[in-house]
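Have a look at the structure below, then the notes.
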């Protein structure tokens, strides 16, 4: 009986959908933060490196623009997709601030992995995105807004009791 109570308590504390949604929103914020950096690099770097071959510079310039736009659109789309499962606390400013801070740190990790380590490019992306998602998943239950989740649980419990009485 006591093991059932402990398991029940653990399940009440974990709002899996909210945690998954916040992890996804952190990854989405990574894309939203990376897109402007890609855009700026794409506007400067091709013309600094290929001043004698304007065709190649133009190709990388336009390709960088397309990559930045697709990265931003992907970040926004993932954020909107994950939003439907997020709790109310995620849509308040502390949730956004923490999410974008984790995303900024993950983007810095990605930049470090791509430029300073011999790890393959796909592995660098997998490590950075996985770390961002995991950090968002773990931190989601420990943010200041978790009181909202506790209130929601209490309200659900009251609704269940009312339904049982009927």
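The values are calculated or read from the model by the stated rules, or taken from the named source; none is laboratory data. On a predicted model such as this, the values are computed, not experimentally measured, just so you know. Glycine gets a Cβ as well: all are built from the backbone with ideal geometry, and neighbour counts include every protein chain shown.
A few notes on this one:
- Considering the stretch 98-141, the residues that are out of contact with any helix residue (DSSP H, G or I) (no Cβ under 9 Å at 6 or more places or on another chain) and not in a helix (DSSP H, G or I) include one that is farthest from residue 24 (Cα to Cα), namely 118.
- First in the stretch 59-87 and modelled with pLDDT under 90, second anywhere and outside any helix (DSSP H, G or I), Cβ under 7 Å, 6 or more apart: 87/15
- Any hit, the stretch 60-83, residues being over 14 Å from residue 28 (Cβ atoms) and not in a helix (DSSP H, G or I): no
- Test set (1) in contact (Cβ under 8 Å) with a residue 24 or more places away in the chain; (2) assigned to a helix (DSSP H, G or I); (3) touching a helix residue (DSSP H, G or I) at 6+ places or on another chain (Cβ under 7 Å); (4) under 27 Å from residue 130 (Cβ atoms) - residue 94 fails condition number: (3)
- Considered as a group, the residues in the stretch 88-104 that are under 11 Å from the mean Cα position of the chain (by Cα) and surrounded by fewer than 18 Cβ atoms within 10 Å (Cβ to Cβ) include one that is modelled with the lowest pLDDT, and that residue is 96.
- Flag if residue 39 is part of a helix (DSSP H, G or I) and without any contact (Cβ under 8 Å) to a residue 24 or more places away in the chain: no
- Test for residue 19: is it more than 21 Å from residue 112 (Cα to Cα), surrounded by fewer than 19 Cβ atoms within 10 Å (Cβ to Cβ) and either within 16 Å of the chain's Cα centre (by Cα) or at pLDDT below 85 (or both): no
- Yes/no for residue 114 being farther than 18 Å from residue 23 by Cα and surrounded by 13 or more Cβ atoms within 10 Å (Cβ to Cβ): yes
- For residue 45, the test of being surrounded by fewer than 13 Cβ atoms within 10 Å (Cβ to Cβ) and at pLDDT below 85 is failed.
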